[in-house]
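S.K.: Handing you a structure now.
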Amino acid sequence: MSEQLNHTLTEPVSGLVYRLREGSRGAGKSPCLILLHGVGATEQGLMELARGIDPRFSVILARGPLALGPMQFAWFRVSFTANGPAIDAPQAERARTTLLAFIGQLPQAHAIDPERIWIAGFSQGGIMSASVALSAPQQLAGFGILSGRILPEVLPLVTPGKPLAALHAFVSHGRQDQVLGLHFAHHARQVLAGLNVRLQYREYEAGHRLEPAMVADFEQWLVARLADS
């Protein structure tokens, strides 16, 4: 991990706190991967994942704007009920628009190629990655949902068409996930197929965690996408 990734910065317009590892771009602009953590965590929990990302990428670890407690953050509040997760929809929408503003500022702030920005996350971070990418596909090259889901609340904001068909998606899930059941991954696969998003889908013998095989598959998918771009 480079020193830059250990340095916490505050984005002056969107207000998001994040950590940065600059890519080895040479004389040009670097591709970028934005990583989003899950509920009750911080961006530091994804540092191990960031270490394995191809060094050509600038990697940004963004911190959720909602403080739940000491060093516990989220993108929106959620409670788990007998009928499934119940979210604070206005908070989720504010997080989505904040992330879109954040993404829009990255090319000038860090010499990032605006045509080669990917976003991915674990659990609630994967949820936000899908929300951002599906609602504004023109701003991203692709996205990853690592043990997350697609919010029904975001689907009215999604417009099928060429920008969505140009997106690449990586969806992975543990078959023994007791926080967000496997049916959420099946639903995501069905939604993305209906939108003609180019999808790589993987299941693992794992619970609600970043399985090493999941991480390795995601890293390989990302490198392949860079070769395509």
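S.K.: Taking the Cα-to-Cβ direction at LEU157 and at LEU226 and moving 7 Å from each Cα, how far apart do the two end points lie in nm?
M.R.: The modelled label-to-label distance comes out at 2.9 nm.
S.K.: Let a ≥ b ≥ c be the square roots of the eigenvalues of the Cα gyration tensor of the stretch 134-229; is it rounded (a/c under 1.5), or, if not, prolate (a/b larger than b/c) or oblate?
M.R.: oblate
S.K.: Something else: With the crude spin-label approximation of a point 7 Å out along Cα→Cβ, what separation in nm comes out for ALA166 versus GLN190?
M.R.: 3.0 nm
S.K.: Ok, one more. When ligands, DNA and RNA are left out and all protein chains stay put, how many square angstrom of accessible area per residue does the chain have with a 1.4 Å probe?
M.R.: 43 Å²
S.K.: A further question follows. Take the Cα radius of gyration of the stretch 58-108 and divide it by 2.2 N^0.38 Å, with N its residue count; two decimals is plenty.
M.R.: Working: Rg = 13.4 Å, N = 51, 2.2 N^0.38 = 9.8 Å.
Relative to the 2.2 N^0.38 Å estimate, the stretch 58-108 comes out at 1.36.
S.K.: Restricting to the chain, what percent of DSSP beta bridges are antiparallel, rounded to 5? Intermediate values should be presented prior to the final figure.
M.R.: Numbers: 15 of 43 bridges.
Of all bridge pairs located within the chain, approximately 35 percent are antiparallel.
S.K.: Still on this structure: Across all directions of projection, what mean area in square nanometres is found for the Cα convex hull of the stretch 79-200?
M.R.: Directional mean of the projected Cα hull area for the stretch 79-200 stands at 7.4 nm².
S.K.: Oh, and also: Per 5 Å bin from zero, what fraction in whole % of the C-alpha pairs of the chain is there, up to the bin with the longest pair?
M.R.: Here the calculated profile for the chain is 1, 7, 16, 21, 22, 18, 11, 4, 1, 0, 0.
S.K.: Please tell me the relative contact order of the chain in percent, rounded to the nearest whole number, where contacts are Cα pairs under 8 Å and at least six residues apart. Present the calculation step by step, with values, prior to reporting the outcome.
M.R.: Numbers: 487 pairs, mean separation 35.2, N = 229.
Contact order relative to length: 15 percent.
S.K.: Tell me whether the stretch 13-122 comes out rounded, prolate or oblate; compute the Cα gyration tensor, take square roots of the eigenvalues as a ≥ b ≥ c, and use a/c under 1.5 as the rounded threshold.
M.R.: Values: a/c = 2.38, a/b = 1.85, b/c = 1.29.
Prolate, since a/c reaches 1.5 and a/b exceeds b/c.
S.K.: When the accessible area of the chain is computed with all protein chains present and a 1.4 Å probe, what percentage of it is carbon and sulfur?
M.R.: Details: 5150 of 9890 Å².
Summing carbon and sulfur atoms, their accessible area is 52 percent of the total for the chain.
S.K.: Want the number for GLN138 to ARG198: 0.36 nm per residue separation, take away the alpha-carbon distance, what's left?
M.R.: Values: separation 60, 0.36 × 60 = 21.60 nm, distance 1.47 nm.
Residue separation times 0.36 nm, minus the Cα-Cα distance, leaves 20.1 nm.
S.K.: Kindly list the residues of the stretch 65-99 that lie in the label zone of GLN44, defined by a backbone N under 13 Å from the point 7 Å along the Cα-to-C-beta vector.
M.R.: In the stretch 65-99, the label zone of GLN44 (backbone N under 13 Å from the point 7 Å along Cα→Cβ) covers 70-73.
S.K.: While we're looking at this one, here's another question. Report for the stretch 26-102 the percent antiparallel among DSSP-assigned beta bridges with both residues inside it, nearest 5.
M.R.: Numbers: 8 of 13 bridges.
In the stretch 26-102, approximately 60 percent of DSSP beta bridges are antiparallel ones.
The values are calculated or read from the model by the stated rules, or taken from the named source; none is laboratory data. The structure presented is a predicted model; accordingly, all values stated were derived computationally and were not measured. Note that we place each Cβ from the backbone using ideal geometry, even for glycine, and neighbour counts take in every protein chain shown. The area values use the complete protein model at the heavy-atom level, side chains included, leaving out ligands, DNA and RNA. Shrake-Rupley method; radii C 1.70, N 1.55, O 1.52, S 1.80 Å.
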